[in-house]
Amino acid sequence: MPATLPADSIGLVGLEDIQVGGRGGISIRPTKPQEIESLKTRFAAGDLLYGKLRPNLNKVGIAHQGGLCSTEIWAFGQSPLINSQYAAFFLASSFFVNRVASLTKGANLPRLDTQAFDSIEIPIPPLSEQQRIVEILQEAESIRRLRAEAEVKTVELVPALFRGLFGEIGTNSSRWPIVPVSHFVESFQGGKSLTGTEGEFDTSRPRVLKISAVTSGVLVPSESKALPSSYDPPDEHFVKPGDLLITRANTAELVGATALVGEDCPSNLVLPDKIWRFVWKDDFKGTPEFVWALFQERATRQALGNIATGTGGSMKNISMKKLMQMRVVWPPRELQETFSKALRELADLRNAVEGDKSFSVLQASLSAHAFSGQLTADWREAYADKLALEARERDDALKNAGPIFSRSRRATIQEIEGVFEPRTDGIYSDLNREQFGLFEEIERMVGGVNYGRYFTAEMLAADLKGALHRHPQAIESHLAVLAVRGLIIPVSRPRNDSVGDRFAACYRLPLKEDDARAERLERQRKLAVGDF
């Protein structure tokens, strides 16, 4: 209990103080112990902190000083057998994150328990090789950080580009006509007031956007909630690439925030009643990019605040009538198109800087090669004698520590590829690589919850990458094999479309209740026939 500590100030870390995505940053807040009412975990400088609540957020880092942390955070002390940075990179790897996603418990607040955590193996090469792996992965992380900084700088160019072409809106607006929004907008289209379910983002069913998906100026698809399977949104409520969205309700600072929808937008996002889509007039002579940037400008933001209604600290609302009447500057179409072209070139530059998704894929591949021993194969050969000596010392120390190994270890980590290889025991036997890969993708996409998420071959075919992309027939044959082995459960559900049979071939992952029910039935069977 922090209040019992004889200190004027102590460092405190909550889940919100650890960077997401395995970035490693930890903010340690000086806090008076007497102000901390709940039980906390003590950690020391150099300890590895890991967030066990919503582990898919990948909150991992090494503390630069001692302090206290939330009990939703595990604090791992340092060990002479494992480089802390090496362990941190392993816990942040896509392999580990995908593995824990299938082991978490709880729908609204998924957690990783100690038993599930302990079931995952970690390869332990000699310390010299651990350090070499850390050096390579740290260099890759430095490149990622530089890319992120460059991305921020390219984003900051947008307002400068806008003002360079159109001047300071509100002080120099007399250069261009002032028109009502109805001059270029036919109407604003919204969705319904819908209640969704929080949880990990997936594309297996429609998701309704939250207001926070738009407030940054860029659409954030993960800021959404899964809709009930019983509700089928109409086509006009789905968000489409090229849409310009605006929030009609929010706080005074954020009401009227707009976001452009990019070409890579998921196809399952649905508008709520508090987010509208711009519906352009048939003779629209502007560009969505200009309107988006115009609505980011200070003068326009002030005008939006003036037409919003609501008292005190309550949510502010904008009526469609007042928004259509709001007057804004309207430069010539040619100048708007010049701005839009420059904005697209800037977006291309941004994509080039961040490497689109390729750099993330490269990092994941680099991590997998690092922990499978492939990345340091040549280096390991050059230092074989030194590593052999370290490996013997490591094995002796591990024997004294008393852990249970799944397989014997040689002097190097040449054998640890098996940690990353598909399982071939029990119900996994005879699965080919494509079937096992499909099962892993199903666990990643719909697993990690304690209720049944239904999926079909058609749904998987739309989202899977590689050879199975848009091949539902091939997927269906693999699903039949997985169902026979009990890895997935076949169910029958009425189709929502008019394609194929009346009932779709649906599946779900087994639940804990399924295992318990099967165990009870088997016990009853044995009791009935005296088979004990």
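The values are calculated or read from the model by the stated rules, or taken from the named source; none is laboratory data. Given the structure is predicted, the values throughout are model-derived calculations rather than measurements. FYI the Cβ positions are ideal-geometry reconstructions off the backbone, even for glycines, and counts take in every protein chain you see.
List of remarks:
- Scanning the stretch 48-73 for residues that are among the small types (Gly, Ala, Ser) and more than 16 Å from Gly21 (Cβ to Cβ), we see that the one that is surrounded by the fewest Cβ atoms within 10 Å (Cβ to Cβ) is Gly66.
- Top-ranked residue in the stretch 93-111 [being among the hydrophobic types (A, V, I, L, M, F, W, C) and touching a Phe, Trp or Tyr at 6+ places or on another chain (Cβ under 9 Å); ranked as surrounded by the fewest Cβ atoms within 10 Å (Cβ to Cβ)]: Ala107
- Scoring Ser204 on the criteria (1) buried (at least 19 other Cβ atoms within 10 Å of the Cβ); (2) within 29 Å of Lys281 (Cβ to Cβ); (3) hydroxyl-bearing (Ser, Thr, Tyr) leaves a single failure, condition (2).
- Single condition Glu253 does not satisfy, out of (1) part of a strand (DSSP E or B); (2) modelled with pLDDT under 95: (1)
- Answer from Arg444, Arg517 - the residue that is modelled with pLDDT under 80, surrounded by 15 or more Cβ atoms within 10 Å (Cβ to Cβ), outside the structural domain of Asp202 (by TED's automatic domain parsing) and charged (D, E, K, R): Arg444
- Filtered residue count, the stretch 35-53, keeping only those that are touching a Pro at 6+ places or on another chain (Cβ under 6 Å) and modelled with pLDDT of 90 or more: 1
- Residue within the stretch 8-25 that is crowded, with 17+ Cβ neighbours inside 10 Å, of a type in the set (Lys, Arg) and closer than 25 Å to Ala140 by Cα present: yes
- Answer residue from the stretch 107-129, given it is assigned to a loop (DSSP other than H, G, I, E, B) and among the polar types (S, T, N, Q) and is modelled with the lowest pLDDT among those: Asn108
- Number of the exception - Phe76 against (1) at pLDDT 90 or above; (2) buried (at least 20 other Cβ atoms within 10 Å of the Cβ); (3) aromatic (Phe, Trp, Tyr): (2)
- If the condition is being among the β-branched types (Val, Ile, Thr), touching a residue at least 40 places away in the same chain (Cβ under 8 Å) and closer than 24 Å to Tyr86 by Cβ, then the stretch 8-63 contributes Val13, Ile18, Val60.
- Unique match (being more than 21 Å from Leu194 (Cα to Cα), in contact (Cβ under 8 Å) with a residue 60 or more places away in the chain and hydroxyl-bearing (Ser, Thr, Tyr)) among Thr251, Thr309, Thr338: Thr338
- Of note, Thr412 satisfies the criterion of being surrounded by 15 or more Cβ atoms within 10 Å (Cβ to Cβ), more than 29 Å from the chain's Cα centre (by Cα), modelled with pLDDT under 80 and outside any helix (DSSP H, G or I).
- Some residue of the stretch 27-47 being farther than 24 Å from Pro6 by Cα and either assigned by TED's automatic domain parsing to the domain that holds Ile442 or crowded, with 21+ Cβ neighbours inside 10 Å (or both): no
- Thr71 meets the conditions (1) farther than 28 Å from Glu393 by Cα; (2) touching a Ser or Thr at 6+ places or on another chain (Cβ under 7 Å); (3) part of a strand (DSSP E or B) in every case but one. The failed one is (3).
- Residue check for Gly242: surrounded by fewer than 15 Cβ atoms within 10 Å (Cβ to Cβ), at positive phi and modelled with pLDDT of 85 or more: yes
- Evaluating Arg453 against the criteria (1) at pLDDT below 60; (2) among the basic types (Lys, Arg); (3) in contact with a helix residue (DSSP H, G or I) (Cβ under 8 Å, 6 or more places away or on another chain) leaves one unmet condition, (1).
- The stretch 371-388, residues that are modelled with pLDDT of 75 or more and closer than 23 Å to Arg145 by Cα: Phe371
- Qualifying positions in the stretch 473-493 - surrounded by 17 or more Cβ atoms within 10 Å (Cβ to Cβ) and part of a helix (DSSP H, G or I): Ile475, His478, Leu479, Leu482
- Residues that are under 17 Å from Arg54 (Cβ atoms) and either aliphatic (A, V, I, L, M) or modelled with pLDDT of 85 or more (or both), drawn from the stretch 2-24: Val13, Gly14, Leu15, Glu16, Asp17, Ile18, Gln19, Val20
- Filtering the stretch 230-247 to residues that are among the β-branched types (Val, Ile, Thr) and in a loop (DSSP other than H, G, I, E, B) leaves only Val239.
Yes/no per residue for (1) over 25 Å from Gly106 (Cβ atoms); (2) of a type outside the set (Val, Ile, Thr); (3) touching a Pro at 6+ places or on another chain (Cβ under 8 Å):
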{"site": "Arg23", "(1), (2), (3)": "no, yes, no"}
{"site": "Pro33", "(1), (2), (3)": "yes, yes, yes"}
{"site": "Pro55", "(1), (2), (3)": "no, yes, yes"}
{"site": "Lys59", "(1), (2), (3)": "no, yes, no"}
{"site": "Ala63", "(1), (2), (3)": "yes, yes, no"}
{"site": "Ser70", "(1), (2), (3)": "no, yes, no"}
{"site": "Ile82", "(1), (2), (3)": "yes, no, no"}
{"site": "Phe89", "(1), (2), (3)": "yes, yes, no"}
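- Subset of the stretch 310-328 that is touching a strand residue (DSSP E or B) at 6+ places or on another chain (Cβ under 8 Å) and at pLDDT below 90 - its residue that is surrounded by the most Cβ atoms within 10 Å (Cβ to Cβ): Lys316
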